[in-house]
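Report on one structure; see the data block that follows.
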Amino acid sequence: MAGSYLDRQLNIADYALSGFIRRLGRNSVVVFIFALVIFMVASFSLTTTSLKHSASRLLTTVPDITVQQMSAGRQAALSVTVIEKLDGIFGIRSMEPRVWGYYFDENNGANYTVIGHANFSDKARIAGLGIDFLPALKLDADADPAVLGRGVRENLELGERRTFSLFRPDLSVQSFITVGTFSAETSMVTDDLIIMDLDSARELFGLGPDDITDLLVDVANPLEIDTIADKIGERLAGVRVVTSERIKKTYRVAFGWRSGFGLACLFGAVAAFFIFAWDKASGLTPAQQQEVAILKALGWHTEDVITLRFWESLIISALAFCLGYLGAWMHLLFFDGILFRPLLLGWSVLKPPLSLVPVFSFADLLLIFSLSVLPYLAATVIPAWQSATIRPDSVI
Amino acid sequence: MKIELHTVEKYYNRGAHNQVHALRGIDLLIDASETVCIHGPSGSGKSTLLAILGGIIGPTCGSAVIGGKKMARLPDRFLTLYRRQHIGFIFQRFRLIPELSVLENVTLPLLPLGIRPADRKKRGRELLQRLEIDHRKDFPAAEISGGELQRAAVARALINDPSVIIADEPTAHLDTRLSEDFLTIMTDLKRLGKTIIIASHDPLVSASPVVDRCLYLRDGLLCAAS
């Protein structure tokens with residue numbers, strides 16, 4: 001007469017589903033709140049993963065070694081003649097001088113990052129930052145060519161115009177002509193960026209003709225980066241030698257700290273929800289108590305009632321998980337993670353209009369599932385044991 | 001199935017200030033296929049006696065031997081199995097789950113047995129047809145009449161094909177015609193060889209030809225038999 005274990009489970013699951021539908025109004029509230037909690041955690045996690053992915057993709061273009069002069073603990077100008085001092089180090093493929101600094105735009109209250117490259121237009125192509133070059137113009141002899149980030153372009157309100165001016169330290173005006181714009185995919189690192197020729201940057205920052213801020217070193221064998229960095233440090237006094245791995249690590253730490261902080265804040269909401277779920281599962285309504293007593297009088301074991309509670313909780317949590325996780329993806333896909341982007345990208349003056357590239361990570365999915373569905377099952381099934389032990393004689 | 005009770009005592013809250021001595025030294029033998037009516041005033045211990053006979057609770061002292069098995073010593077798990085396999089219970093006020101359909105209510109005892117939905121529904125529909133309420137099978141229990149509720153409760157009690165039917169005040173909330181209908185159903189079940197135990201105040205039940213024997217219970221004591 002008795003069917004298989006699987007059939008028994010399916011029957012009880014079927015009954016749990018019909019119970020869920022019967023109490024749809026009440027259950028919808030729980031599903032909505034739970035889905036909201038999962039949405040917040042999943043959105044945060046997906047946005048962080050997506051940002052980390054975008055950052056690591058863009059950071060592949062970071063030079064192997066960056067050399068900077070330090071003076072009194074702060075960065076100072078470096079003479080381009082250091083190239084000659086490093087010439088003899090075996091393993092260095094190439095060296096490029098660079099001028100790098102911030103330009104404060106008083107009118108808009110924004111900082112732009114200015115990078116001056118030797119032969120910058122070629123270098124910009126090589127750098128892989130995705131420049132959309134504008135049609136060539138007959139260059140004005142007084143205007144220096146520059147490539148702009150989208151945020152800078154908007155801030156300067158250029159519209160269709162190609163020329164703009166920035167102030168030198170002596171408040172004289174230096175004119176530029178836009179030759180290209182960075183693509184939206186690279187906005188995270190290029191939104192506030194202006195790239196120009198090395199000499200133009202020197203002029204804008206009032207540096208001497210031999211001054212640079214960084215020396216970018218390209219190493220032939222990636223395994224030798226640390227060794228060569230050590231050698232550079234030994235040859236040049238008072239310099240800071242930064243390897244690409246260290247820069248990537250800094251990014252990872254920055255994102256890790258921010259996402260950790262955000263998750264800690266969200267933990268309060270998650271914990272509050274589980275306390276609510278525990279409380280709800282501990283106190284059954286008289287109708288629910290009577291239902292349990294009827295089921296037991298009709299031959300249901302205590303374990304059958306606990307199984308019923310398990311399936312009820314699984315239906316609620318799985319539905320909430322699907323809704324919350326789907327909502328998080330939509331938040332990322334259609335709204336660019338707008339809720340958590342300010343927290344995760346808080347260091348930038350110009351907020352990059354990121355089009356985040358969603359990255360599916362099975363580890364993330366598993367983590368969110370483990371942090372939501374499993375605790376909910378525990379928070380509801382454990383107290384359900386007490387209600388499942390209601391004696392059947394209460395229906396007599 | 002033969003049922004024997006030997007000097008059964010039942011206390012609730014034993015030793016506490018609100019102790020209730022519900023049954024006092026009950027000795028009872030019910031033969032297989034016998035129909036017994038237990039009557040007596042409210043609070044006389046009828047429901048408690050039915051609960052012990054139905055394996056819902058165990059006695060405090062004494063022994064209950066049902067189908068050759070000593071129930072008093074059985075843990076809850078085995079009492080549940082006993083109810084599942086041998087007992088069909090018709091509760092006072094029928095105790096159907098109001099939001100479930102009649103068919104769902106009737107097939108509830110089959111769910112933990114792992115019987116597949118199609119078989120469950122087939123069996124439930126057949127019973128409802130036999131009891132002439134199959135036209136109400138999809139109605140929520142909250143929306144059917146008292147007589148239909150009673151028939152649904154009988155159908156639920158019969159779904160496991162039990163050998164013992166226990167009914168607690170089955171006609172208490174019904175008019176005479178519906179009470180007579182109920183007794184007709186019991187007559188049919190008696191013909192099928194079921195042991196039937198009915199607790200009732202209703203003289204219509206105790207006087208019914210379906211009843212082989214009437215027992216009178218007062219203050220937990222089995223006083224007389226007729």
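The values are calculated or read from the model by the stated rules, or taken from the named source; none is laboratory data. Just so we're clear, the structure is a prediction, and the values are computed from it rather than from any experiment. Here the Cβ is made from the backbone with ideal geometry for all residues, glycine too, and neighbour counts use every protein chain on show. Surface areas here come from the heavy atoms of the whole protein model, side chains and all, with no ligands, DNA or RNA. Shrake-Rupley method; radii C 1.70, N 1.55, O 1.52, S 1.80 Å.
Just checking the listed ones, A:A320, A:A35, A:A297: in the Gaussian network model of chain A with Cα springs under 10 Å, the one fluctuating most is A:A297. Angle of helix B:176-191 to the longest C-alpha principal axis of chain B, folded into 0 to 90 degrees and rounded to 10: 80°. In chain A, the DSSP-assigned H stretches of four residues or longer account for a calculated mean residue ellipticity at 222 nm of -17500 deg cm²/dmol, using -39500 (n - 2.57) per stretch and the full residue count as denominator.
Shielding of peptide B:212-222 by partners, expressed as the average count of other chain Cβ atoms within 10 Å per residue Cβ, is 0.
For peptide A:389-396, the mean count of partner chain Cβ atoms within 10 Å of a residue's Cβ comes to 6.
For segment B:100-226, state the average projected area of the convex hull of the C-alpha atoms over all orientations, rounded to one decimal in nm². The orientation-averaged projected area of the Cα hull of segment B:100-226 comes to 8.7 nm².
Distant-in-sequence amide contacts of B:G114, defined by a placed amide H-H separation under 5 Å and a gap of 5 or more residues or a different chain, comprise A:G3.
Around the Cα centre of segment A:272-337, unit charges on the Cβ atoms of Lys, Arg, Asp and Glu (plus for the first two, minus for the last two) sum to a dipole of about 80 debye. Ignoring aspartates and glutamates fewer than eight residues from A:K296 along the same chain, the ones with Cα atoms less than 12 angstrom from its Cα are A:D304, A:D393, B:D76. Under a no-solvent Debye model with one identical scatterer per Cα of segment A:10-72, what's log10 I(q)/I(0) at q = 0.17, 0.19, 0.21 Å⁻¹? For segment A:10-72, the Cα-only Debye profile gives -0.81, -0.86, -0.90. Anyone know which of B:R130, B:R24, B:R213 comes out most mobile in the 10 Å Cα GNM of chain B? Residue with maximal mean-square fluctuation among B:R130, B:R24, B:R213: B:R130.
Placing dummy labels 7 Å off each Cα toward the beta-carbon, the span from B:K122 to A:A363 is 5.3 nm.
Across the alpha-carbon set of segment B:50-133, the Rg to Rh ratio works out to 1.04, Rh being the Kirkwood radius.
Accessible area per residue (1.4 Å probe, heavy atoms of protein chains only) ranks B:M186, A:M330, A:M95 as A:M330, A:M95, B:M186, with the largest value leading. Cross-link reach is defined here as a Cα-Cα straight distance under 20 Å, omitting same-chain residues fewer than 8 places apart; for A:K85 the aspartates and glutamates meeting it are A:D64, A:E96, A:D210, A:D211, A:D214, A:D218, A:E224, A:D226, A:D230, A:E234.
Of all lysines in the structure, those lying under 27 Å Cα to Cα from A:K249, and not within fewer than 8 positions of it along the same chain, are A:K52, A:K123, A:K231, A:K351.
Under the convention that each Lys and Arg Cβ holds +1 and each Asp and Glu Cβ holds -1, the size of the dipole of the protein assembly as shown around its Cα centre is about 2780 debye. The eigenvalues of the Cα gyration tensor, multiplied by 5 and square-rooted, give chain B an equivalent ellipsoid with semi-axes of 29, 20, 17 Å from largest to smallest. Averaged over its residues, the protein assembly as shown has an accessible area of 46 Å² per residue, based on protein heavy atoms and a 1.4 Å probe. For the residue pairs B:K122/B:K190; B:K10/B:K137; B:K2/B:K122, the alpha carbons lie more than 28 Å apart in B:K10/B:K137; B:K2/B:K122.
With Cα atoms defining each centre, segment B:24-42 and segment B:60-108 are spaced 17 Å apart in the structure. Extension gain for the segment A:F335 to A:C322, taken as residue separation times 0.36 nm less the Cα-Cα distance, is 2.8 nm to one decimal. Rolling a 1.4 Å probe across all protein chains gives A:H331 an accessible area of roughly 10 Å².
Quick check: the distance between the Cα centres of segment B:159-202 and segment A:212-264, to the nearest angstrom? Centre-to-centre (Cα) distance: 87 Å. If you sort B:K137, B:K122 by accessible surface, 1.4 Å probe, largest first, the order is B:K122, B:K137. A Stokes-Einstein calculation at 37 °C with viscosity 0.692 mPa s, built on the Kirkwood radius of segment A:1-43 over Cα pairs, returns a diffusion coefficient of 265 µm²/s. Contact order, relative form, for chain B: 29 percent (alpha carbon pairs under 8 Å, 6 or more residues apart, mean separation divided by residue count).
B:E34 sits among other residues whose Cβ lies under 11 Å from its own Cβ, and their net charge, with Lys and Arg +1 and Asp and Glu -1, is +2. For chain A, leaving out every one of the chymotrypsin sites (Phe, Trp or Tyr not before Pro) that falls in a DSSP loop and has at most 13 other Cβ atoms within 10 Å, the longest unbroken run is A:91-346.
Helices from chain A with mean Kyte-Doolittle at least -0.5 and a Cα length along the axis of 27 Å or more, per DSSP H: which? Walk me through the intermediate numbers first.
Values: long enough: A:24-58 (48 Å, 1.16); A:244-282 (55 Å, 0.43); A:302-335 (47 Å, 1.18); A:362-388 (36 Å, 1.46).
Helices meeting the span and hydropathy rule in chain A are A:24-58, A:244-282, A:302-335, A:362-388.
Cα-Cα pairs above 31 Å in the protein assembly as shown: how many percent? The calculated P(r) of the protein assembly as shown puts 66 percent of pairs beyond 31 Å.
Return the carbon/sulfur percentage of the accessible area of chain B, one whole number, probe 1.4 Å, all protein chains in place. Don't skip to the answer; put the middle values down first.
Numbers: 4660 of 9640 Å².
Percent of accessible area from carbon and sulfur atoms in chain B: 48.
Using a Gaussian network model of chain B whose springs link C-alpha atoms within less than 10 Å, name the residue from B:L127, B:L53, B:L28 with the highest mean-square fluctuation. In this elastic network of chain B, the residue with the biggest mean-square fluctuation among B:L127, B:L53, B:L28 is B:L28. The 3J(HN,Hα) values that the Karplus relation (6.51, -1.76, 1.60; θ = phi - 60°) gives for segment A:65-74 are, in residue order, 9, 10, 10, 10, 7, 10, 9, 6, x, 10 Hz. Gly and Pro appear as x. Interface size, chains B and A: roughly 2800 Å² of accessible area buried, both sides included, 1.4 Å probe, rounded to the nearest 100.
Roughly how tilted is helix B:76-86, in degrees to the nearest 10 and between 0 and 90, from the longest Cα axis of chain B? Long axis of B:76-86 versus the principal axis of chain B: about 60 degrees.
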